[in-house]
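Taken together, the values in this text are just the output of simple stated rules run on the coordinates, not laboratory data. Since this is a predicted model, take the numbers as computed values, not measurements. Methodologically, a virtual Cβ is constructed for each residue, glycine included, from the backbone with ideal geometry; neighbour enumeration extends over all protein chains shown.
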Amino acid sequence: MPAAVLFDWGDTLMRWAYDAALVEAGHRAGLAALERDDLPEVERMAEHFRERYEPFFWTPGTVEELEYPGLVRQLLGDFGVEVDDGELTRFLEAEHAAWDPARQLAAHTPALLESLRARGLKLGLVSNAFDPGWLLQRDLEQMGLAEQLDFAVFSSEVGKRKPHPAIFERALDALGIGAAETVFVGDRLYEDVRGAGELGMTTVQALWFRVDEHPEGGEPDFQAFTQMDVLNVVDRLAAAA
């Protein structure tokens, strides 16, 4: 019988609607937050970022998470702009806020979490995300999800990305639950299904936002075409116990 359900974040509980224009919008907001005169043109900085740094975000198979604040500091340094920790924080906060339109909470996320909690299950979130953890945890609070989740961990807080076991184990340890008692719900066959499955969790592929394919992905135990299908999976597992 399941004792906990862990969720992926992007394209599972929330849709991340990436747009190339977000890079420039984020840099524009970040530079404005610095309130300095020695700053590069936004267009030049965004183009430089795309050419030099953006490829690091899409390296196939990597499990080492980027140290994004350090990357931003280096990006600014490429234009001769040195920032202290306070200025870097202001840049990151403003950039992150500029990306708000790209974060769209799935329609039934609050109801799904409430229904699972009503069944006595512990709930957690395990996400690959390069943004600083304190910004991402604040997102959960602002969306009203922090109070519905017992624990949330992001790869930027662990230094390892799914499917590395360390990030899954961080959540399991925090909840005090074994992998065999846990259901993991995520959209990606490699990072989510394979990673969680290799630890012994029951896996559910989330299909309501996208249908993932990956040559090295795992085979999910269940598929959920809507968020509420997750409830059916949990109820079936409980009935079979």
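Taking every C-alpha pair closer than 8 Å and separated by at least 6 residues, the mean separation divided by the residue count of region 58-199 gives a relative contact order of 24 percent. Return the percentage of antiparallel bridges among DSSP beta bridges fully within the chain, rounded to the nearest 5 %. The antiparallel fraction comes to roughly 15 percent. In a shell of Cβ-Cβ distance under 12 Å around residue 46, excluding residue 46 itself, what net charge do Lys and Arg (+1) and Asp and Glu (-1) give? Within the 12 Å Cβ shell, the charges total -3. In order along region 104-117, phi translates into HN-Hα couplings of 10, 5, 4, 4, 9, 4, x, 5, 4, 5, 4, 5, 5, 5 Hz, rounded to whole numbers, per the Karplus curve 6.51 cos²θ - 1.76 cosθ + 1.60 with θ = phi - 60° and x for Gly and Pro. In region 129-241, inverting the average of 1/r over every pair of distinct C-alpha atoms gives 14.9 Å as the Kirkwood radius. Note that region 21-101 carries a Kirkwood radius of 13.0 Å, evaluated over its alpha carbons pair by pair.
Note on region 179-241: Cα-only Rg and Dmax are 11.1, 33 Å.
Phi angles of region 131-145 translate, via the Karplus equation with coefficients 6.51, -1.76, 1.60 and θ = phi - 60°, into HN-Hα couplings of 4, x, x, 5, 6, 5, 5, 5, 4, 4, 5, 5, 7, x, 9 Hz per residue; Gly and Pro are given as x. So, counting K/R as plus one and D/E as minus one, what does the shell of residues with Cβ under 13 Å around residue 91 add up to? Surrounding charge for residue 91 is -4. Were the residues from residue 62 through residue 228 laid out at 0.36 nm apart, the gain over their Cα-Cα distance would be 56.6 nm. Under the criterion of Cα pairs below 8 Å and six or more residues apart, the relative contact order for region 21-101 equals 55 percent.
Here the simple spin-label model places points 7 Å from the Cα toward Cβ, and for residue 83 and residue 17 these points are separated by 2.7 nm. Averaged over residues, the count of other Cβ atoms within 10 Å places the peptides 223-231, 201-209 in the sequence 201-209, 223-231, highest first.
Each Cα pair under 8 Å and six or more residues apart adds its separation to the average, and for the chain the resulting relative contact order is 26 percent. For residue 14, the residues whose modelled amide H falls within less than 5 Å of its own, excluding neighbours fewer than 5 places apart on the same chain, are 106. The length gained by stretching the chain between residue 173 and residue 71 to full extension, at 0.36 nm per residue less their Cα-Cα distance, is 33.7 nm.
Can you give the FRET efficiency to the nearest 0.05 for residue 38 and residue 238, using r as the Cβ-Cβ distance and R₀ = 45 Å?
Taking R0 as 45 Å, the efficiency between residue 38 and residue 238 is 0.15.
Backbone phi angles across region 17-30, fed through the Karplus curve with coefficients 6.51, -1.76 and 1.60 (θ = phi - 60°), yield HN-Hα couplings of 8, 5, 9, 4, 5, 5, 4, 5, 4, x, 5, 4, 5, x Hz in residue order; Gly and Pro are listed as x.
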